[in-house]
Amino acid sequence: MQTIYLVRHGETEWNRAGRWQGRQDSPLTPLGEAQARSVGILLRELIPHPKTCSMIVSPLGRAARTAAIVSGMMGIDVARFAVDPMVREQSGGNWEGLSIDDITATDPDGLRRFQADSWTYGRPGGETLEELSERARLWLESVRDLPTVLLISHGAFGRMVRRLYLRLPRESFQTLPNPQGAVLRLSKGGVTQIDAEPVGTP
């Protein structure tokens, strides 16, 4: 029976500022670094024999930094993580780095179209949810035969993985929780959120 441990990167400066990140990056905040440390301690308990676990990380900087902290807390070399572009965040196209107020001011028509049908209408120059769903499906297929997987990835990609794993309708994507400082365990057809105890939170 396969188990997937899914972790979202720690809080970033753009998360705190309400800016859409997509494929761009911003550094982890002090809280984000603390979240990564606490998740690493939790994973050390959940995965007592990490040599038996396949570890995968997004190439984006915020995920890579989270993986570096997590690996240190687990007592393993960060090189154990395989970098996989397939698990990158959904592309936000021309809206990356913008807040909802920025988008409302600069592209109100595009925002209305996106809010009316985000599944087939992506952010201009970006990736639709339909495309994200196919990418997440292909990733799940690629790890199907691995008994234990630890993935450090992103909010939208992680939600889509869970939607597919739980076989939920596409409209459920927007309502799934998107935690930082927690581990989501996918096993036996269900998903369990395990919150990490805060460690050194500023």
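Roughly how big is the stretch 56-109's charge dipole about its Cα centre, with Cβ charges of +1 (Lys, Arg) and -1 (Asp, Glu), in debye to the nearest 20?
Dipole magnitude for the stretch 56-109 comes out near 480 debye.
Only one residue of LEU138, ILE103, GLN35 has its Cα farthest out toward the positive end of the dipole of the stretch 1-138, where Lys and Arg carry +1 and Asp and Glu -1 on Cβ, and that residue is GLN35. With neighbour counts taken as other beta-carbon atoms within 10 Å, the residues LEU176, LEU150, LEU138 rank, fewest first, as LEU138, LEU176, LEU150. Dividing the radius of gyration of the alpha carbons in the chain by their Kirkwood radius gives 0.96 for Rg/Rh. For the stretch 102-202, a/c is not less than 1.5, where a ≥ b ≥ c are the root eigenvalues of the C-alpha gyration tensor, and a/b does not top b/c. That puts it in the oblate class. Modelled spin labels at ALA68 and LEU166, positioned 7 Å past Cα toward Cβ, are 3.4 nm from each other.
Rounded to the nearest Hz, the phi-derived 3J(HN,Hα) couplings of the stretch 85-100 under the Karplus curve 6.51 cos²θ - 1.76 cosθ + 1.60 (θ = phi - 60°) are x, 5, 9, 4, 5, 4, 5, x, x, 5, 8, 5, x, 9, 8, 4, where x marks glycine and proline.
Between the amide H of MET55 and those of ALA82, LEU150, distances stay under 5 Å, these residues lying 5 or more places away or on another chain, with hydrogens modeled in the peptide plane. Relative contact order, whole percent, for the chain stands at 35, derived from Cα pairs under 8 Å and 6 or more residues apart.
Please identify the DSSP H helices in the chain that span no less than 18 Å along the helix axis (Cα) and have a mean Kyte-Doolittle hydropathy of 0.0 or more.
30-46, 61-74
Here the stretch 5-48 is described by how far its Cα atoms reach on the three principal axes: 36, 20, 12 Å, from widest to narrowest. Each Lys or Arg adds one and each Asp or Glu subtracts one; over the other residues with Cβ under 10 Å from the Cβ of LEU6, this totals +4.
Here, each number is a calculation from the coordinates, and none is a lab measurement. Here the structure is a predicted model, which is why all the values come from computation and not from measurement. Positions of Cβ are backbone-derived with ideal geometry, glycine not excepted, and every protein chain shown enters the neighbour counts.
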